[in-house]
Ligand SMILES: Nc1ncnc2c1ncn2[C@@H]1O[C@H](COP(=O)(O)OP(=O)(O)O)[C@@H](O)[C@H]1O
Ligand SMILES: [Mg+2]
């Protein structure tokens, strides 16, 4: 990830059920609107957020989403969303990222799809400890 | 204590008329909208009935199985439920019961010496408080019932089916397609297909804010269920940015036909059923 620095305030949302996922999406959409992201970018990122937030609920039970604005190179600004959970972690990240791989008998497109939907995507996971995924969308 | 209670009861009976008038005056002053909701004549009848039973309960104040006691509770419960339905505030409902004190105490004050008065007031107080608490509980209970009913009703209307044309039905989907709502949508869809003998079902997703892989999965399932019943499914309201996002996600809606607008969807549905708009 290129040097990015946190600026202004950050928001934390605890996510443990479907209502929380709705709140998380609404918050992201609101922030993106304020930052003047295009409607298409908003749709892509909110969809990615929906996937990652739901993964925390279904695969890890619960987790936390943190949102903040970041400054990039050349005066660009971006929105960064971090999803952290203390769930079971992912044994094989490459496999989990593959289209159609799911341990929950669902579509298995969320993880790989989320990566395709945003500008930057970073995933770290320690089996037995938890998972942390951060995404950035630049203006 | 028993003797005193009996004495109080006799006194209340003797001054029933006066207490009745005082109580009703209080109600008109302090619980006007309640009186209006119940009706002036009905309020009078109700206070009269309650007073009558109250006088009977007094000698046996602690006996909750007492017939009159049960009757007062019943009247109060019915009143309380009515108040909930008519959106009368809980405080007015409480005032209804507690203002009974203000109408009884003056009578006691006139008739009893100081020593007796304290005990008599305590006895009356206890009984009215008990009635008040009971009334309040019914109020809360019926409030909860109403909220439950409303939620149930909301769930039912949240997946409406519109018969747009001969053999064509449309279901506008709204909000988050969680498992519960999807389940309901499926049941309603299949039932509507069966009952209306429709051949095409249009699922309009304009009202779904985020179409992610879960929503996509539910839509695919609904479409294949419809196909099993010999019907075609058209998904409308798929705006360009949603279509693009779905492609990037890697979602393959497979055999499901999609259209951007309802109008396009309806046009296609008419073609599929060999019909024309006149
Ligand atoms: N936060 C998480 N914690 C643990 N496992 C996860 C997490 N997110 C994803 N996974 C694993 O990665 C797999 C693929 O995820 P995804 O592509 O979203 O598909 P799906 O959620 O449909 O199973 C999941 O089935 C699960 O095994
Ligand atoms: Mg997923």
Open item on the list: Suppose R0 equals 60 Å. What FRET efficiency, 1/(1 + (r/R0)^6) with r the Cβ-Cβ distance, do residue B:163 and residue B:42 give to the nearest 0.05?
Closed with: 0.85
Open item on the list: Can you give me the distance in nm between label points at residue B:225 and residue B:137, each placed 7 Å from the Cα along the Cα-to-Cβ direction?
Closed with: 4.3
Task: Theoretical gain in end-to-end length, residue B:187 to residue B:261 [0.36 nm per residue, Cα-Cα removed] - done: 24.2 nm
Task: Longest to shortest principal axis, alpha-carbon extents of the stretch B:87-211, angstrom - done: 87, 29, 18
Open item on the list: Calculate the FRET efficiency for residue A:91 and residue B:67 from the Cβ-Cβ distance with a Förster distance of 56 Å, rounded to the nearest 0.05.
Closed with: 0.20
TODO: Grab the alpha carbons of the stretch A:5-138, take their convex hull, and tell me the volume per residue in Å³.
DONE: 104
- [ ] Any chance you could list the semi-axes, whole Å, largest first, of the equivalent ellipsoid that the Cα gyration tensor gives for chain B, using √(5λ)?
- [x] 67, 17, 15
TODO: Round to the nearest 0.05 the FRET efficiency obtained for residue A:71 and residue A:14 when R0 = 35 Å and r is the Cβ-Cβ distance.
DONE: 0.85
TODO: Working from Cα positions, state the angle (0 to 90°, nearest 10) between the long axis of helix B:114-157 and the longest principal axis of chain B.
DONE: 10
Task: Separation in nanometres of the label points that stand 7 Å from Cα toward Cβ, at residue B:16 and residue B:252 - done: 8.5
- [ ] In whole Å, largest first, what are the principal axis extents of the Cα atoms in the protein assembly as shown?
- [x] 90, 62, 38
Open item on the list: How tilted is helix B:262-272 with respect to the longest principal axis of chain B? Cα atoms for both, answer in degrees (0 to 90, nearest 10).
Closed with: 60
Task: Added length on full extension, which subtracts the Cα-Cα distance from 0.36 nm per residue, residue A:58 to residue A:139 - done: 26.1 nm
Task: Helix axis angle, B:40-57 relative to chain B longest principal axis, alpha carbon, degrees - done: 60
Task: Label-point gap, in nm, between residue B:271 and residue B:146 - each point 7 angstrom along Cα→Cβ - done: 5.2
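Subtracting the Cα-Cα distance from 0.36 nm times the residue separation, let me have the gained length for residue B:111 to residue B:33 in nm, one decimal.
Values: separation 78, 0.36 × 78 = 28.08 nm, distance 3.34 nm.
So the chain would gain 24.7 nm between residue B:111 and residue B:33.
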Task: Mean separation of Cα contacts under 8 Å (6+ apart) over length of chain B, as relative contact order % - done: 14
Open item on the list: With just the Cα atoms defining each centre, how far is the stretch B:187-232 from the stretch A:29-78? Give it in Å.
Closed with: 30
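Since every read-out is calculated from the coordinates, none of them should be taken as a lab result. These figures come from a predicted structure and were not determined experimentally. When we count neighbours, we look across all protein chains shown, and the Cβ atoms used for this are built from the backbone with ideal geometry, even at glycine.
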